[in-house]
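Asks: If you scroll down you'll find the structure; I have some questions about it.
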Amino acid sequence: MTVQHTMSEELDLRLNQLVAEQESIFVGLQPRSRALRERAERYLAGGVTSSWQITTPQAIWMSLGVGSRIVDVDGNEYVDLHGGYGAGLAGHAHPAIVEAVRTQVARGTHFAQPTETAIEVAAELARRFGLPLWRFTNSGTEATMDAIHLMRAFTGRDLIIKVEGCYHGHHDSVQVSVMPDPPENGPADAPVGVLSSTGIPESIASQTLIVGYNDLDVLRRVLEAHEGQVAGMIIEPIMMNAGIITPEDGYLAGVKALLHAHGALLTFDEVKTGLTAGPSGAIGRVGVVPDLVCLAKAIGGGIASAAVGGSQEVMGFVAEGGYEMVGTFNGNPMAMAATKAMLTEVLTDETYRRLDALSLHAVEGITGTIEEYGLDAHVVSVGAKGCVVFQNEPVRDYRGFVGLDDRFNHAHWLLQLNGGVFLPPWGKMEQWLISAQHNEVDIDRLLHNFTSLARALTA
Ligand SMILES: Cc1ncc(COP(=O)(O)O)c(C=O)c1O
């Protein structure tokens, strides 16, 4: 029996009822979060500190994180597999991060001058990612913005190429076709750029050319149609803002070869995959080294820290003053101390072995339940990250993803949350993140709740 494809009226009804029931349990468990939201709305625009904290039915206000667990203001404890949108690879209050930050706070938190730790961090990143020269920023958005500026400055060209459905932060050039609604995004063999945020000039869309993921033919055509005008392409080498979509064999090597053949550069946005996909991120997994790589989220062990790494030639252009990569807090000593601890003490070979074992446990457990209950679903996992896709067929690009019924993911999220597991909200878009401090008992709770979902969908 397949569940989603047939999507009988009965299942449709059951799904809606399940969401309604679970939302009401959810609200009942969080009276103080509700009260705080009402108070917050007087002072915080929209009652939150980032628009993506406005979850349905309400934002969950947190009070504490320890190890693999997080506690909300109502005293509910959750296994934290949200991981702060993928930043929490160390887990909470990891002793190595606490010690590094404590020591640095007492020695001064900001000088706007380099400190020796920055050299150690850059050397370790160079070793892991195979790119020799590095700079630091404070967020993924700043990192991808600098990478795009640098590609333009280095090549003296304006146009960039971006993949439909990839998210690279909230600066203008990449706020195109992040989550475009069909049919506004045009045909698959000639995707149309659609602005993804208000406040961005329409003219920006014409500087950002859109291609599909896993599609070398469209990329070739776009490069040929704009010969000599494309500065470079930015891509999540493994897409992680549309569930998880992996590259087909040879795709990323093909992208690099095509770009270089047209005098354009390649930037990997590894803000999500860097360090979570493995010790050397997606670069280590696929064996393709780009001209530039952007890292953020997990690298700082929970402290804001981000980096841009690149080849001698391209980052050498920064060294020569060809592009000024600047920022008051760049290479901030506290961020550097936390990043160094993350790289050298938290993310050891032993940690990656444990992450792989826990990940396998999650994948096998959920897959077993999918088979037992005959759900139309499958699991995708890369390193410490994973998600359930509620259809049998693998997804190869954004167009294969956009039509998935989000109610399955919302119901799953609610059941996990009410059952003590905090997954990222935003339904089908996000993934779980297993941290260095999770254990089998934590994953067993994820599996138990998933079985409750399967039972509820097939009862
Ligand atoms: C792939 C990717 N790039 C860039 C960003 C932007 O990072 P930040 O939120 O730190 O600005 C994100 C954020 O989710 C991301 O997923």
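Asks: Residues that are under 20 Å from Gly84 (Cβ atoms) and among the charged types (D, E, K, R), at least 1 per element: which helices (runs of 4 or more DSSP H) completely within region 357-459 meet that? Spell out the reasoning first.
Replies: Working: elements: 398-402, 406-418, 440-458.
Output list reads 440-458.
Asks: Let me ask something else. Looking for something within 29 Å of Gly427 (Cα to Cα) and in contact with a Cys (Cβ under 6 Å, 6 or more places away or on another chain) - is there at least one such residue anywhere in region 228-238? Give the derivation first.
Replies: First pass over region 228-238, keeping only residues within 29 Å of Gly427 (Cα to Cα): 233-238.
Imposing the further condition that a residue be in contact with a Cys (Cβ under 6 Å, 6 or more places away or on another chain) reduces the set to 236.
Yes: one or more hits.
Asks: Among the residues of region 363-385, write down those that are of a type in the set (Gly, Ala, Ser) and either surrounded by fewer than 23 Cβ atoms within 10 Å (Cβ to Cβ) or outside the structural domain of Leu15 (by TED's automatic domain parsing) (or both). Break it down stepwise before answering.
Replies: Quick first cut of region 363-385, residues of a type in the set (Gly, Ala, Ser) only: 365, 368, 374, 377, 381, 383-384.
Listed by number, the residues that qualify are Gly365, Gly368, Gly374, Ser381.
Asks: Output the number of the condition that Ser359 fails; it satisfies all remaining conditions of (1) within 18 Å of the chain's Cα centre (by Cα); (2) under 24 Å from Val66 (Cα atoms); (3) within 16 Å of the ligand (Cβ to nearest atom).
Replies: Only one criterion in (1) within 18 Å of the chain's Cα centre (by Cα); (2) under 24 Å from Val66 (Cα atoms); (3) within 16 Å of the ligand (Cβ to nearest atom) is unmet by Ser359, namely (3).
Asks: Enumerate the pairs (first residue in region 128-141 and in the same structural domain as Phe317 (by TED's automatic domain parsing) and within 13 Å of the ligand (Cβ to nearest atom); second residue anywhere and charged (D, E, K, R) and at pLDDT 95 or above) with beta-carbon separation below 8 Å, excluding pairs fewer than 6 apart on the same chain, so at least 6 apart or on different chains.
Replies: Thr137/Asp146; Gly140/Asp269; Gly140/Lys297
Asks: Next question. List every residue pair whose Cβ atoms sit under 7 Å apart, with the two residues 6 or more apart in sequence or on different chains, where the first one lies in region 48-66 and is closer than 18 Å to Arg32 by Cβ and the second, anywhere, is β-branched (Val, Ile, Thr) and modelled with pLDDT under 85.
Replies: Val48/Ile54
Asks: Regarding region 229-248, can at least one residue be identified that is over 21 Å from Thr273 (Cα atoms), out of contact with any Pro (no Cβ under 8 Å at 6 or more places or on another chain) and of a type outside the set (Val, Ile, Thr)? Show your work before the answer.
Replies: Step one: filter region 229-248 for residues over 21 Å from Thr273 (Cα atoms), giving 229-231.
Checking which are out of contact with any Pro (no Cβ under 8 Å at 6 or more places or on another chain) leaves us with 229-231.
Filter once more, keeping what is of a type outside the set (Val, Ile, Thr): 229, 231.
Yes, region 229-248 contains at least one residue that is over 21 Å from Thr273 (Cα atoms), out of contact with any Pro (no Cβ under 8 Å at 6 or more places or on another chain) and of a type outside the set (Val, Ile, Thr).
Asks: Filter region 56-70 down to the residues that are among the polar types (S, T, N, Q) and either over 21 Å from the mean Cα position of the chain (by Cα) or crowded, with 16+ Cβ neighbours inside 10 Å (or both), then identify the one that is farthest from Gly88 (Cα to Cα). Break it down into steps so the answer makes sense when it comes.
Replies: The first filter runs over region 56-70 and keeps only residues among the polar types (S, T, N, Q), leaving 56, 58, 63, 68.
Those left that are additionally either over 21 Å from the mean Cα position of the chain (by Cα) or crowded, with 16+ Cβ neighbours inside 10 Å (or both): 58, 63, 68.
Working: Gln58: 22, Ser63: 16, Ser68: 9 Å.
This residue is Gln58.
Asks: Additional query: Could you please let me know if Met62 is under 23 Å from Ala298 (Cβ atoms), away from the ligand (no atom under 16 Å from the Cβ) and of a type in the set (A, V, I, L, M)? Don't jump to the end; show me each part of the working.
Replies: Numbers: under 23 Å from Ala298 (Cβ atoms): yes; away from the ligand (no atom under 16 Å from the Cβ): yes; of a type in the set (A, V, I, L, M): yes.
So Met62 passes the test.
Asks: Can you say whether Thr273 is crowded, with 19+ Cβ neighbours inside 10 Å and assigned to a loop (DSSP other than H, G, I, E, B), as far as the supplied structure shows?
Replies: Values: crowded, with 19+ Cβ neighbours inside 10 Å: yes; assigned to a loop (DSSP other than H, G, I, E, B): yes.
Yes: the conditions hold for Thr273.
Asks: On the basis of being among the small types (Gly, Ala, Ser), within 16 Å of the ligand (Cβ to nearest atom), within 27 Å of Thr115 (Cα to Cα) and not assigned by TED's automatic domain parsing to the domain that holds Leu433, does Ala319 make the cut? Lay out the reasoning, then the answer.
Replies: Values: among the small types (Gly, Ala, Ser): yes; within 16 Å of the ligand (Cβ to nearest atom): no; within 27 Å of Thr115 (Cα to Cα): yes; not assigned by TED's automatic domain parsing to the domain that holds Leu433: yes.
For Ala319, the condition - among the small types (Gly, Ala, Ser), within 16 Å of the ligand (Cβ to nearest atom), within 27 Å of Thr115 (Cα to Cα) and not assigned by TED's automatic domain parsing to the domain that holds Leu433 - is not met.
Asks: Under the condition of being more than 9 Å from the ligand (Cβ to nearest atom) and under 13 Å from the mean Cα position of the chain (by Cα), which residue from region 269-281 is nearest to Ile245 (Cα to Cα)?
Replies: My answer is Ala277.
Asks: Every residue in region 162-183 that is of a type outside the set (D, E, K, R) and more than 16 Å from the ligand (Cβ to nearest atom), please.
Replies: To start, the set of residues in region 162-183 that are of a type outside the set (D, E, K, R) comprises 163, 165-171, 173-180, 182-183.
Those that are of a type outside the set (D, E, K, R) and more than 16 Å from the ligand (Cβ to nearest atom): Pro180, Pro182, Pro183.
Asks: Among the residues in region 244-258, are any surrounded by fewer than 18 Cβ atoms within 10 Å (Cβ to Cβ), closer than 25 Å to Ala357 by Cα and in contact (Cβ under 8 Å) with a residue 24 or more places away in the chain?
Replies: yes
Asks: Output the residues belonging to region 298-353 that are of a type in the set (Asp, Glu) and closer than 23 Å to Gly232 by Cα.
Replies: Within region 298-353, the first condition is being of a type in the set (Asp, Glu), and the residues that meet it are 313, 320, 324, 345, 349-350.
Of everything in region 298-353, those that are of a type in the set (Asp, Glu) and closer than 23 Å to Gly232 by Cα turn out to be Glu313, Glu320, Glu324.
Asks: What helices (runs of 4 or more DSSP H), lying completely within region 1-108, carry at least 1 residues that are in the same structural domain as Thr276 (by TED's automatic domain parsing) and over 22 Å from His412 (Cβ atoms)? Walk me through how you get there before you give the answer.
Replies: Values: elements: 9-28, 31-40, 83-86, 95-107.
It comes to 95-107.
Asks: Touching a Leu at 6+ places or on another chain (Cβ under 9 Å), in the same structural domain as Glu270 (by TED's automatic domain parsing), within 16 Å of the ligand (Cβ to nearest atom) and not in a strand (DSSP E or B) - does that describe any residue in region 184-198?
Replies: no
The values are calculated or read from the model by the stated rules, or taken from the named source; none is laboratory data. Quantities reported herein were computed from a predicted structural model and do not represent experimental measurements. Cβ sites come from the backbone with ideal geometry, for glycine too, and all protein chains shown count toward neighbours.
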